[in-house]
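The values are calculated or read from the model by the stated rules, or taken from the named source; none is laboratory data. Source: prediction; values computed, not measured. We place every Cβ from the backbone using ideal geometry, glycine too, and count neighbours over all the protein chains shown.
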Amino acid sequence: MTKTAAALVVAAGRGTRLAGSDNALPKQYRPLAGRPVLSHTLDALGNHPRINRLVTVIHPDDVNHYSEAAKAASTETASKIGPAVYGGATRQQSVLAGLKALALEGFDYVLIHDAARPFLPSAVIDRLLEQLQAGNEGVLAALPVADTLKRADQSGRSLETVDRAGLWAAQTPQAFPLQRILKAHEKAVAAGKLDFTDDTGLAEWDGMTIVLTEGDPAAFKITTAADLRRAEQQAELQLMSTTPASPLPLSELADVRTGIGYDVHAFEDGDAVILGGVAIPHSSKLKGHSDADVVLHAITDATLGAIGDGDIGQHFPPSDPQWKGASSDQFQMDAMRRLSERGGRLAHVDVTIVCEEPKIGPHREAIRSSIAKICAVPVSRISVKATTSERLGFTGRKEGIAALASVTVRLPFQDED
Ligand code: MG
């Protein structure tokens, strides 16, 4: 049976202010590519299919910063986020508080991760879980030490070169069977051992055997202002990067194609409609087999149209029970995957929403950024417009919402004719 796994993100530290910075905002809440560092970290964990729950340990003063970060995470991540837990005075106390919260939900495994390591590759998560599945009591992501190591005295005089054979630099996540590491933490408190700064250290103190698995240099910890600049560059690259299947920059993709999409969903009793992945409070909801996100359905059809690959109903039949109540971002992500398999990239999305109610204007920017996030493109490539139909027809009678989308993609030019 597949074991369940949860992630515990340690974000309670208020830290010393980032070197070279006047901003006292803790580093995990500093903006990185337009959203808080922590929201990137949450996505790195939450977008992994094997992570079922995310609990973040925060400082009580950071409630607003935290909710901003959680809100900026992907819809998939958002669906896994549990209530935040208040941390204690030390990292050890904070982790214990988070473990107790997760234990109430009965997960098998826990990955304990630093909030300030936003670029955790999913392959590292795979390796950690594999090692736990193999029966290990604790697994640590680590990197072999590459630099020559020196020991120096207090005046800075070099005393010796330290042999780096067998030396590893510890990263996070550190992964454990949840009940086992909780027991070790409780035992440490009972023994008055309160100064562990690292969970594998505490685990080893309790006699647990820890194995190392290969970490990734990308999963570096943001500590200094220089780290933040490096993170900024990495985030930019990630956002604009082409997937392995689509290695070319937009400027070299000469074949420009456009698709159109149209969708309608009727209102039924409810309290919110979901448009472009954003829940908008309303006196009705939209009726449909999935979450009835009429905007994303139109965009998905337009994306599929641009690459001539059928339509949403063909790939995700409404008769298939697995799409019941499904979040529609996965339909668009599937269309994006099909585009990327052809070596293409999405260049622009333009949507028109037709309804009398709810008013779209106040939510327009939220819808834009949500679509941008789902399509993994900058928000400047997404346009959202709204209109009424002058009280004419079904939208005019407030019976439902219609959406039209046009999607422009660019593909490698191929001599087909
Ligand atoms: Mg639909």
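Details
- LEU159 being touching a His at 6+ places or on another chain (Cβ under 8 Å) and either surrounded by fewer than 16 Cβ atoms within 10 Å (Cβ to Cβ) or part of a helix (DSSP H, G or I) (or both): no
- Residue count for segment 315-331 satisfying the condition of being at pLDDT 90 or above and more than 13 Å from the ligand (Cβ to nearest atom): 1.
- Boolean, ALA386 is of a type in the set (Gly, Ala, Ser) and either at pLDDT below 95 or crowded, with 20+ Cβ neighbours inside 10 Å (or both): no
- Counting only strands (runs of 3 or more DSSP E) that sit completely within segment 254-311, those holding 3 or more residues that are near the ligand (Cβ under 10 Å from one of its atoms) correspond to 255-269.
- Qualifying residue in segment 332-343 (condition: within 17 Å of GLU399 (Cα to Cα) and either within 13 Å of the ligand (Cβ to nearest atom) or at pLDDT 95 or above (or both)): no
- Any chance ILE371 is crowded, with 21+ Cβ neighbours inside 10 Å and either over 15 Å from ASP301 (Cα atoms) or of a type in the set (Phe, Trp, Tyr) (or both): no
- MET208 satisfies every condition listed in (1) in a loop (DSSP other than H, G, I, E, B); (2) exposed (fewer than 14 other Cβ atoms within 10 Å of the Cβ); (3) out of contact with any Leu (no Cβ under 7 Å at 6 or more places or on another chain) except (2).
- Residue within segment 354-364 that is at pLDDT 90 or above, more than 18 Å from LEU253 (Cβ to Cβ) and within 23 Å of the chain's Cα centre (by Cα) present: yes
- Candidate set: segment 312-321, residues that are assigned to a loop (DSSP other than H, G, I, E, B) and out of contact with any helix residue (DSSP H, G or I) (no Cβ under 8 Å at 6 or more places or on another chain); chosen: the one surrounded by the most Cβ atoms within 10 Å (Cβ to Cβ): PRO318
- Test result for GLN238, more than 16 Å from the ligand (Cβ to nearest atom), in a helix (DSSP H, G or I) and touching a residue at least 24 places away in the same chain (Cβ under 8 Å): yes
- Candidates in segment 273-298 are the residues that are in contact with an Asp or Glu (Cβ under 9 Å, 6 or more places away or on another chain) and of a type in the set (Ser, Thr, Tyr); of these, the one that is surrounded by the most Cβ atoms within 10 Å (Cβ to Cβ) is SER284.
- Residue match in segment 203-221 (condition: closer than 30 Å to ALA12 by Cα, within 16 Å of the ligand (Cβ to nearest atom), in contact with a helix residue (DSSP H, G or I) (Cβ under 7 Å, 6 or more places away or on another chain) and at pLDDT 90 or above): no
- Among the residues making up segment 112-129, those that are among the small types (Gly, Ala, Ser) and either over 12 Å from the mean Cα position of the chain (by Cα) or assigned to a loop (DSSP other than H, G, I, E, B) (or both) are ALA115, ALA116, ALA123.
- Residues that are without any contact (Cβ under 8 Å) to a residue 12 or more places away in the chain and closer than 25 Å to LEU237 by Cβ occur in segment 336-351; there is at least one.
- Qualifying residue in segment 133-144 (condition: charged (D, E, K, R), surrounded by 12 or more Cβ atoms within 10 Å (Cβ to Cβ) and within 26 Å of the chain's Cα centre (by Cα)): no
- The set of residues in segment 162-172 that are under 26 Å from ARG127 (Cβ atoms) and either in a strand (DSSP E or B) or of a type in the set (Asp, Glu) (or both) comprises TRP168, ALA169, ALA170, GLN171, THR172.
- In segment 42-74, the residues that are crowded, with 21+ Cβ neighbours inside 10 Å and in contact (Cβ under 8 Å) with a residue 60 or more places away in the chain: ALA44, LEU45, HIS48, ILE51
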